[in-house]
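Only the coordinates and a few stated rules stand behind these numbers; no lab work does. This one's a predicted model, so the numbers in the text were calculated from it and none came from an experiment. Note that we place each Cβ from the backbone using ideal geometry, even for glycine, and neighbour counts take in every protein chain shown.
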Amino acid sequence: MEYRVLGLTGLNVSPLCLGTMQFGWTADESMSQRVLTAAYEAGINFIDTADIYSRWADDNPGGVAEQIIGRWMKQNNIPRDKIVLGTKVRGNMGGGPENEGLSHKHILQAVENSLRRLQTDHLDLYQAHWPDEKTPIEETLRAFDELVKQGKVRYVGASNYSAWELMQALWTSDRNSLSRYDSLQPHYNLVHRDEFERELAAVCKTYRLGVIPYSPLAGGFLTGKYRRNLVPITARAGGAKRYFNERNWALLDQMDALAKEKQASISQIALAWLLADPLIASPIIGANSVEQLKDNLGAMDVRLPPAEKSALDKASAWKENGE
């Protein structure tokens, strides 16, 4: 498998990143471990998680996905240097407002908890899950810088930052000689493009941040399981409904036709569209079963020539003039 370099860092990552938000939510531990094993055996070395995954699920206090990953690595004797392990900090882990955010105190406490749950002595990538308006960005970056110098974290990244917030962080790191954000995790896919493309894409390209898009299948919409007259009941159907409009149904029809030409699935076309963009380091895929995982992994074998990518670009363009 041909690996990609994540931004300016020395992290060689697989073309697809295994997301774990579903672990302990829509996939129990047994299935989660099967998915992890299948991904690892297929050459996926990049695993993304977060300390809060998945507190919104019944009987899930948070930290469950990290625990599952930690147990999987230990029980299967997975060499630590064969995995690029990333987690995130920011969300409320229970116990009051002091147990959330991006303050120096919380970050230093949260990293120890994540390391313990993951059963490792270091993180390859530690990310701010989303900004914290109550904490000065310099305080946040000084905490991350401290962890890098201690060897507990190799690189740091951001998720859900706006362009001005990302530029503020990069400027603060440069001014104070602190570890900088080397990656960005944006919400980005064929039917949700403007949030990233409007300004963030230029920032990432200019400053060479690795881009790790989440929700590349738009909450399941870009799998083709939702159609004009078919809306299956799933745990994530509510989030996909935002994309239910005639323009996106027409896009699905176009993707369906292209998928049939290539003997691929609609999901694979959606992922291949991201993989065809040199700015994208590794889209984050999530799977509730080994079958779903294998379908997603098939995207690495699908090639979209410039003309085909351009046609999808035009069909999903967010600018009013369609450019």
On a straight-distance basis, which aspartates and glutamates could pair with LYS205 in a cross-link, Cα separation under 14 angstrom, same-chain partners fewer than 8 positions away excluded? ASP182, GLU197, ASP277
How big is the stretch 199-292 by the Kirkwood estimate over distinct Cα pairs, in Å? 14.6
Environment charge at ASN248 (Cβ cut-off 13 Å; Lys +1, Arg +1, Asp -1, Glu -1): +3
Rh (Kirkwood; distinct C-alpha pairs) - the stretch 85-228, Å: 16.0
Linear extension gain, GLU261 paired with LEU230, 0.36 nm per residue minus alpha-carbon span: 8.8 nm
Using only alpha carbon pairs under 8 Å that are at least six residues apart, calculate the relative contact order of the chain and give it in whole percent. 18
Give, rounded to the nearest 20 debye, the magnitude of the charge dipole that the stretch 103-216 has about its Cα centre when Lys and Arg contribute +1 at Cβ and Asp and Glu contribute -1 at Cβ. 260
Long-range share for the stretch 1-136, i.e. C-alpha pairs more than 28 Å apart as a percent of all pairs, stands at 16
Hydrodynamic radius by Kirkwood, which averages 1/r over all alpha carbon pairs of the stretch 143-256, in angstrom: 16.2
Using DSSP to call loops (not H, G, I, E or B), can you name the GluC sites (Glu not before Pro) in the stretch 119-220 whose Cβ has at most 11 other Cβ atoms within 10 angstrom? GLU133
So how far apart, in nm, are the two label points at SER310 and SER30 if each is 7 Å from Cα heading toward Cβ? 5.2
Set Lys and Arg Cβ to +1 and Asp and Glu Cβ to -1, take the dipole of the chain about its Cα centre, and tell me which of LEU258, SER114, TRP171 lies farthest positive. LEU258
Enter the angle in degrees (range 0 to 90, nearest 10) between the Cα long axis of helix 137-150 and the first principal axis of the Cα atoms of the chain, meaning the one along which they spread out most. 70
Per 5 Å bin from zero, what fraction in whole % of the C-alpha pairs of the stretch 1-53 is there, up to the bin with the longest pair? 4, 20, 24, 22, 16, 10, 4, 0
Write down the Å³ per residue value for the convex hull defined by the alpha carbon atoms of the stretch 81-131. 73
Pairs of alpha carbons in the stretch 253-323 whose separation is greater than 15 Å (percent): 56
Ratio for the chain, C-alpha Rg to 2.2 N^0.38 Å, reads 0.97
Rg to Rh ratio, the stretch 91-167, alpha-carbon atoms and Kirkwood radius? 0.95
